[in-house]
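S.K.: Structure incoming, see below.
The values are calculated or read from the model by the stated rules, or taken from the named source; none is laboratory data. Only a predicted model underlies this, so the values are computations on that prediction, with no experimental measurement involved. Cβ: placed from backbone, ideal geometry, glycine included. Neighbour counts: every protein chain shown.
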Amino acid sequence: EVKLVESGGGLVQPGRSLRLSCAASGFNFAAYGMHWVRQAPGRGLEWVSGISRTSGSKGYADSVRGRFTVSRDNAKNSLFLQMNSLRPEDTALYFCAKIGGEGVTGMDVWGQGTTVTVSS
Amino acid sequence: AIQMTQSPSSLSASVGDRVTITCRASQDIRNDLGWYQQKPGKAPKLVIYAASNLQSGVPSRFSGSGSGTDFTLTISSLQPEDFATYYCLQDYIYPWTFGQGTKVEIK
């Protein structure tokens, strides 16, 4: 079974850091681009960051560029999101997702998300 | 960043209705657009990729069209399980951007 499981969320004070992880199983993790998408309570989806198969290409939303860093460890089938200088507006459910591959350009598998709450 | 303008923001429809949702990009994105369905408390689900390609396992009543800046998601005959929020996403260039969503509600 193809599966993504996020972890690392929690309650953190403004200005502090948090590192999210996404554990992949059931597929060749190293062969697929990966992404982070978030959803603030009661709001729409916001794309956060993406990383290519070999980490050679990375992208960030304007709202997180310079504060968040995406990375991956293909040997450990894991995706990460290092979040620094957190703000209350970063409060959201964070999903990781994989690119479909084999011509499927969308994100075809998603985790269930991990909740980040930024509050004093 | 490319802005994606989705309309309507919500709509009410009955089972069996034909439903159309549109998405407009602020610049040419070729056909690099996907449509996602999200139900409350659930992760999004890919419905259409590359503007008009039906994702495996998605019913054929869903279809997508468009290229350049204007795109459409059509549900030919709305079913009870289709009531959800739909989002477009441009994956042409970083930063990728979602539309604001269209909530499809029961009339």
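S.K.: All but one of (1) closer than 21 Å to B:Ile93 by Cα; (2) free of Cβ contacts under 8 Å to residues at least 40 places away in the same chain; (3) over 13 Å from the mean Cα position of the chain (by Cα) hold for A:Asp73; which doesn't?
M.R.: Status for A:Asp73: all satisfied but (1).
S.K.: All but one of (1) modelled with pLDDT of 95 or more; (2) crowded, with 17+ Cβ neighbours inside 10 Å hold for A:Arg67; state the number of the condition that does not hold.
M.R.: Result: A:Arg67 passes all but (2).
S.K.: I'd like the residue in segment A:76-113 that is in a strand (DSSP E or B) and among the charged types (D, E, K, R) and, out of all such residues, is farthest from the chain's Cα centre (by Cα).
M.R.: Top of the filtered list is A:Asp108.
S.K.: Give me the pairs: first residue in segment B:20-47 and closer than 18 Å to A:Trp36 by Cα and modelled with pLDDT under 95, second residue among the hydrophobic types (A, V, I, L, M, F, W, C) and part of a loop (DSSP other than H, G, I, E, B), beta-carbon distance under 7 Å, and six or more apart or on different chains, which are they?
M.R.: Filtered contacts from segment B:20-47: no entries.
Residue-by-condition table, conditions (1) touching a Ser or Thr at 6+ places or on another chain (Cβ under 8 Å); (2) aliphatic (A, V, I, L, M):
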residue	(1), (2)
B:Pro8	yes, no
B:Leu33	no, yes
B:Ala51	yes, yes
B:Val58	no, yes
B:Asp70	yes, no
B:Pro95	no, no
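S.K.: I've got another one for you. For residues in segment B:6-48 being more than 12 Å from chain A (Cβ to nearest Cβ), part of a strand (DSSP E or B) and not polar (S, T, N, Q), which is surrounded by the most Cβ atoms within 10 Å (Cβ to Cβ)?
M.R.: Checked segment B:6-48; the qualifying residue surrounded by the most Cβ atoms within 10 Å (Cβ to Cβ) is B:Cys23.
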